[in-house]
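Inspection log for the structure reproduced underneath, given as structure tokens.
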Amino acid sequence: METNLTKEDVIKFIENMTVLELSELVKELEERFGVSAAAAAVPVMAAGAPVAEAPKEEEKTEFNVILVSAGDKKIQVIKEVRAITGLGLKEAKDLVDGA
């Protein structure tokens, strides 16, 4: 005896599955039909006239920093100056002391 399942019957059945059961079903479908459940990257265009892409601004990688004062935490400032600039201890200390 053959049962005619509708799409709605299948959807209702899937709605009642646990996450684990659903995961196993997806894996089985991927193997059986040789497909992947990963979302395909589909380019989407907005309605209307095409818009020219705005030129991308170059990311700034160099900055000018002015050290006005070392404040209360002079040792931490010297450590950071050394880490950022690659200066030696004496050079970094002289730079911080000169602020």
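Each reported figure results from applying straightforward, stated rules to the coordinates on display, with no laboratory input. Just so we're clear, the structure is a prediction, and the values are computed from it rather than from any experiment. Don't worry about glycine lacking a Cβ; one is built from the backbone with ideal geometry, like all the others, and counts go over all protein chains shown.
Mind giving me the nanometre distance, one decimal, between the label points for Ala38 and Thr18, set 7 Å out from Cα along Cα→Cβ? Using points 7 Å along Cα→Cβ, the separation is 2.9 nm.
What lysines could a cross-link reach from Lys90, if we take a straight Cα to Cα line under 25 Å and drop same-chain neighbours fewer than 8 places away? Answer for Lys90, where 25 Å is the Cα cut-off: Lys73, Lys74, Lys79, listed by chain and number.
I need Ser69, Ser23 ordered by Cβ neighbour count within 10 Å, fewest first.
Values: Ser69 9, Ser23 12.
Going from least to most buried by this count: Ser69, Ser23.
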